[in-house]
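Peer 1: Sending over a structure as structure tokens; questions will come in a sec.
The values are calculated or read from the model by the stated rules, or taken from the named source; none is laboratory data. Here the structure is a predicted model, which means the values were calculated and not measured. No Cβ is skipped: glycine too gets one built from the backbone with ideal geometry, and neighbour counts run over all protein chains shown.
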Amino acid sequence: MLRTLLALTALLSVSQGASAYLDPGTGSMILQGVIAAIAVVGFTIKSYWYKIRSFFGKGGSASLLDDDEDEQRSD
Amino acid sequence: MDTLSSSFRDPSGFVFLHDKIVHRQVNNSFAASYDAFVSSGLYDKLVERKLLVAHEEITDGSVAGTRDCYRILKPQQIPFISYPYEWSFSQLKDAAMLTLKVQHEAIRHGFILKDASAYNVQFLDSRPVFIDTLSFDTYTPGTPWVAYKQFCQHFLAPLALMAHTDVELSKLMISHIDGVPLPLASKLLPFKTRFNYAIATHIHLHSRMQQQHADNALDDTPATSKHSSLSEQSLKALMEALAKAVQKLTWKMPDTEWGDYYENTNYSDRAGEEKRDLVDRLLGSIPDQLTVVQDFGANTGEFSRIAAKHSALVVSQDIDPVAVEMNYRKSAAGGPVNILPLIQDFSSPSPAIGWGNAERDSFLQRSHCDALLVLALVHHLAISNNVPLSNIAALFASLTQWLVIEFVPKEDSQVIRLLATREDIFPDYTRDGFEAAFRQNFTIEDSSPVAESERTLYLMKTRT
């Protein structure tokens, strides 16, 4: 199963920005592809769920990183 | 040029001091990325959201760069530099969330963070802020995040270790300047974390894959040119997954020797109130303008909050991670925000680390201040740690012009407790001995007994 996922993520050759200076690590690159592939499914479902919620007038965002999250912190 | 030794890793530019003000040079090699970063609106958006320090470009030639200079930036100054191994759990967690928010905003504008170092974050007004203006590279659709490994090492691994193994393990960042190695984190985390999806993948599996590919490094083509194409949608989802992983990490604070200190001290309510008034009066009587006050042994910051009325910033340090955590939560939630709580063991403060022992300054290199507040600490240094009083006085005098210090005599129950299990080898630990030792480096400007106790508070001035 894992091997199939790894093969799927290793399909395309890509290049990095000119100023990359970290060694990203081969294992890390492959793994993030696998995790992101799973995460995108979860996040898509979550986004639809929040769309349904908003249809019924409930607030909130599927994203933990959007601007409105800033407001939750008081100064 | 007074180049800071902390900024040599990234060839896009470097940081230097000019007239004691921190400046940043953008090198010619990074010109296009920097211009795009500003013109895209990303810089303005990050500054508006208070996620990034603002800067001004120096265009009048008043500050010279090197031959490779494209721009000189003068960023908003950070009054006190702190490091991740000095942060409490929530400080490191907030710094992790900040990094992901910055990354999220960057992706929206067509950029990506090329590093995810915890040292890119500092604290200003009790909130984390990103300080590395040159971390933003143009995003090439389809590329993965080169800093994913670094994010796990600098944030996820130490946070997971603090939450699941021991909160003191943030100190591993001292011995590992590029974050906690994932194989080490994986080894130290309890077995149950293998059933936690986020930790199992980002740390345990990540560690295994790193090791597996390190063994085959010569057979692999460079990581950046081979594996894993990642769509923008997947990249964003990865950031959300990392944010969820960070947010789900919580630290259950244990009962602590200091955590409930103020509910269980030698002081009655009235005596506590009088001590607060006395500290307030002594700090208020200092004729100089106070920019930075250090509070050593600050506990949860009760007296730092008084000092915050007198100084632009109070660096509020204590050895106890619980007290520092409570201090930070209070400062971040209700203010005053000009308090920076940090974990510090004064018997062995943060060393200088990194290349040439110069990448990250030691605690003493960073600790100069206008006034130093040392309440209920001297007996711990002198008796628990056997430091002679004259050594304590000499160290404090090297850091500050003004000193507000409390002497806790042997008759005090806290000192009786410290001496209960050991031989009393401190014949000079008396009020007279304390004053004589400190007079070598200070003049005593004021002194006052603390009500309903045997203690004395002093205002001292460093001899010049």
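Peer 1: What do you reckon, is residue B:153 under 18 Å from the mean Cα position of the chain (by Cα) and over 30 Å from residue B:294 (Cα atoms)?
Peer 2: Against the criterion (under 18 Å from the mean Cα position of the chain (by Cα) and over 30 Å from residue B:294 (Cα atoms)), residue B:153 qualifies.
Peer 1: Return only the number of the condition from (1) among the hydrophobic types (A, V, I, L, M, F, W, C); (2) away from chain A (no Cβ under 14 Å); (3) crowded, with 21+ Cβ neighbours inside 10 Å that residue B:332 does not satisfy.
Peer 2: Result: residue B:332 fails condition (2) only.
Peer 1: Continuing with the same structure: Evaluate the following for residue B:96: is it under 19 Å from the mean Cα position of the chain (by Cα) and within 17 Å of residue A:22 (Cα to Cα)?
Peer 2: On the way: under 19 Å from the mean Cα position of the chain (by Cα): yes; within 17 Å of residue A:22 (Cα to Cα): no.
The answer is no for residue B:96.
Rundown of residues vs (1) at pLDDT below 95; (2) on the phi < 0 side of the Ramachandran plot; (3) out of contact with any strand residue (DSSP E or B) (no Cβ under 6 Å at 6 or more places or on another chain), yes/no style:
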| site | (1), (2), (3) |
| --- | --- |
| B:306 | no, yes, yes |
| B:309 | no, yes, yes |
| B:324 | no, yes, no |
| B:336 | yes, yes, yes |
| B:352 | no, yes, yes |
| B:356 | yes, no, yes |
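Peer 1: With the condition being under 23 Å from residue B:83 (Cβ atoms), I'd like the strands (runs of 3 or more DSSP E) fully within segment B:317-431 carrying at least 3 qualifying residues. Break it down stepwise before answering.
Peer 2: Values: elements: B:339-343, B:369-374, B:400-407.
Qualifying strands (runs of 3 or more DSSP E): B:339-343, B:369-374.
Peer 1: Identify, please: which residue in segment B:142-155 is in a helix (DSSP H, G or I) and within 12 Å of another protein chain (Cβ to nearest Cβ) and is, among those, nearest to residue B:301 (Cα to Cα)?
Peer 2: B:154
Peer 1: Also, quick follow-up: Look through segment A:36-55, keep the residues that are surrounded by fewer than 16 Cβ atoms within 10 Å (Cβ to Cβ) and among the aliphatic types (A, V, I, L, M), and return whichever of them is nearest to residue B:235 (Cα to Cα).
Peer 2: This residue is A:41.
Peer 1: Also: Just checking, which of B:24, B:49 is under 25 Å from the mean Cα position of the chain (by Cα), under 26 Å from residue B:94 (Cβ atoms), among the basic types (Lys, Arg) and crowded, with 19+ Cβ neighbours inside 10 Å?
Peer 2: B:24
Peer 1: Would you be able to tell me the number of residues in segment B:177-191 that are free of Cβ contacts under 8 Å to residues at least 12 places away in the same chain and over 21 Å from residue B:201 (Cβ atoms)?
Peer 2: Result for segment B:177-191: 0.
Peer 1: Do we have residue B:201 as within 21 Å of residue B:254 (Cβ to Cβ), in a helix (DSSP H, G or I) and more than 25 Å from the chain's Cα centre (by Cα) here?
Peer 2: Details: within 21 Å of residue B:254 (Cβ to Cβ): no; in a helix (DSSP H, G or I): yes; more than 25 Å from the chain's Cα centre (by Cα): yes.
Against the criterion (within 21 Å of residue B:254 (Cβ to Cβ), in a helix (DSSP H, G or I) and more than 25 Å from the chain's Cα centre (by Cα)), residue B:201 does not qualify.
Peer 1: Among the helices (runs of 4 or more DSSP H) contained in segment B:1-109, which hold 1 or more residues that are in contact (Cβ under 8 Å) with a residue 12 or more places away in the chain and charged (D, E, K, R)?
Peer 2: In segment B:1-109, the matching helices (runs of 4 or more DSSP H) lie at B:42-48, B:89-108.
Peer 1: Quick check on residue B:446: is it assigned by TED's automatic domain parsing to the domain that holds residue B:381, within 34 Å of the chain's Cα centre (by Cα) and outside any loop (DSSP other than H, G, I, E, B)?
Peer 2: Numbers: assigned by TED's automatic domain parsing to the domain that holds residue B:381: yes; within 34 Å of the chain's Cα centre (by Cα): yes; outside any loop (DSSP other than H, G, I, E, B): yes.
In short, yes.
Peer 1: Being surrounded by 13 or more Cβ atoms within 10 Å (Cβ to Cβ) and modelled with pLDDT of 85 or more: is that true of residue A:17 here?
Peer 2: Details: surrounded by 13 or more Cβ atoms within 10 Å (Cβ to Cβ): yes; modelled with pLDDT of 85 or more: no.
Answer is no for this residue.
Peer 1: Just give me the residues in segment B:121-141 being surrounded by fewer than 22 Cβ atoms within 10 Å (Cβ to Cβ), touching a helix residue (DSSP H, G or I) at 6+ places or on another chain (Cβ under 8 Å) and either without any contact (Cβ under 8 Å) to a residue 40 or more places away in the chain or at the interface with chain A (Cβ under 8 Å from one of its Cβ atoms) (or both), in sequence order.
Peer 2: B:127, B:138, B:139
Peer 1: Another question about this same structure. So which of B:340, B:381 is crowded, with 22+ Cβ neighbours inside 10 Å and on the phi < 0 side of the Ramachandran plot? Can you show your working first?
Peer 2: Values: B:381 fails: crowded, with 22+ Cβ neighbours inside 10 Å.
Only one candidate qualifies: B:340.
Peer 1: Here's something else I'd like to know. Cβ-Cβ distance below 9 Å, separation of 6 or more or different chains: which pairs start in segment B:224-235 with a residue that is more than 7 Å from chain A (Cβ to nearest Cβ) and end on one that is surrounded by fewer than 17 Cβ atoms within 10 Å (Cβ to Cβ) and at pLDDT 60 or above?
Peer 2: Pairs that qualify, where the first residue is more than 7 Å from chain A (Cβ to nearest Cβ) and the partner is surrounded by fewer than 17 Cβ atoms within 10 Å (Cβ to Cβ) and at pLDDT 60 or above, are B:231/B:141; B:231/B:142; B:232/B:141; B:232/B:142.
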